[in-house]
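Enquirer: I have a structure I would like to understand better, so I am pasting it below and will then ask my questions one at a time.
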Ligand SMILES: [Zn+2]
């Protein structure tokens, strides 16, 4: 038990934990000591001290002090056992966010090194360097990520738990364009589009999180919802920054809640115009659900056989697309 505790406290230093909770502090002198406001009692002048070397806190205002376990017990009013469970979960989540962030950055650098991958993006109509940077689009060459992450100190166990590396300890993403899926707090999943045609779409195991880029899109009174990230990329490039993506045509409860959290919002559903009508069927059904909760929804019809990505590739302009939106009747 004692050993487990020490490991947990090493893995999640007190100062890191506090900063993850948005605690702001300033250094005291040049040593390992920091001071900020205390979360355990109301105060306006900072009296909460953390010694990063000793991994301990002490508050001169309320007199509380101790280690990470003590702080969490007090601030969250948890028992000792509950605190351990909470911190283990917290630390596992923080580890996976950290390794996914590192992976996204690594894949972004790989894109710069691979002309074939950059060519593929061009062919899919994604060419604006600022957009590629904004969306943090990268490239997974395969057979390089594992070595890089191990060298950065991440454990093989973590790489396998997040699904970045498979059971045979090989990189899971191989020759794929990669879009990181982020929400407040960091990257939660990666979408990989194969350069070839076998298994074109892949995600890491685990949830896909929020609607894509929801933090920036939610502010718009009118929102465009598309099925895929290449659709989103060409629309952002054409100036439709109010586009978000469901990562498929079926919405799980969290994205649905987000889309309908403001009743004044107007939602345009631009799904694939495929022959068997699955995209259109899903769009109609979703529009009905949105209407039921009071959100205005329009199902947009693109010319037959097109999704937004192929429509722009076929030469459509922003004005053409805007005309499609305007032509979509409310349900
Ligand atoms: Zn205090």
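The values are calculated or read from the model by the stated rules, or taken from the named source; none is laboratory data. Bear in mind the structure is a predicted one, so any value in this text is a computation, not a measurement. FYI the Cβ positions are ideal-geometry reconstructions off the backbone, even for glycines, and counts take in every protein chain you see.
Enquirer: Just checking: which of the strands (runs of 3 or more DSSP E) contained wholly in the stretch 223-331 hold 1 or more residues that are under 24 Å from residue 123 (Cβ atoms) and outside the structural domain of residue 177 (by TED's automatic domain parsing)?
Expert: The strands (runs of 3 or more DSSP E) meeting that bar are 243-245, 266-270.
Enquirer: What's the total number of residues in the stretch 186-210 that are part of a loop (DSSP other than H, G, I, E, B) and modelled with pLDDT under 95?
Expert: Here the count works out to 11.
Enquirer: Among strands (runs of 3 or more DSSP E) lying entirely in the stretch 1-68, which contain 1 or more residues that are touching a residue at least 40 places away in the same chain (Cβ under 8 Å) and closer than 27 Å to residue 92 by Cα?
Expert: In the stretch 1-68, 56-59 are the strands (runs of 3 or more DSSP E) which contain 1 or more residues that are touching a residue at least 40 places away in the same chain (Cβ under 8 Å) and closer than 27 Å to residue 92 by Cα.
Enquirer: Specify which of the listed residues (55, 51) is modelled with pLDDT of 95 or more, away from the ligand (no atom under 16 Å from the Cβ) and over 20 Å from residue 98 (Cα atoms).
Expert: Only one candidate qualifies: 55.
Enquirer: Can you go through 104, 93, 117 and tell me which one is free of Cβ contacts under 8 Å to residues at least 12 places away in the same chain and part of a helix (DSSP H, G or I)?
Expert: Of 104, 93, 117, the one residue that is free of Cβ contacts under 8 Å to residues at least 12 places away in the same chain and part of a helix (DSSP H, G or I) is 93.
Enquirer: Related question: In the stretch 69-77, is there at least one residue being part of a loop (DSSP other than H, G, I, E, B), within 16 Å of the ligand (Cβ to nearest atom) and without any contact (Cβ under 8 Å) to a residue 24 or more places away in the chain? Before the answer, list the steps.
Expert: Within the stretch 69-77, the subset part of a loop (DSSP other than H, G, I, E, B) is 77.
Subset that is within 16 Å of the ligand (Cβ to nearest atom): 77.
Now drop any that are not without any contact (Cβ under 8 Å) to a residue 24 or more places away in the chain, which leaves 77.
Yes, some residue in the stretch 69-77 is part of a loop (DSSP other than H, G, I, E, B), within 16 Å of the ligand (Cβ to nearest atom) and without any contact (Cβ under 8 Å) to a residue 24 or more places away in the chain.
Enquirer: Further question on the same structure: Considering the stretch 1-33 alone, what residues qualify as being within 18 Å of residue 72 (Cβ to Cβ) and in contact with a strand residue (DSSP E or B) (Cβ under 7 Å, 6 or more places away or on another chain)? Before you say what the answer is, go through the steps one by one.
Expert: Pass one, the stretch 1-33, residues within 18 Å of residue 72 (Cβ to Cβ): 1-2, 4-23, 25.
Result: 14, 15, 18, 23, 25.
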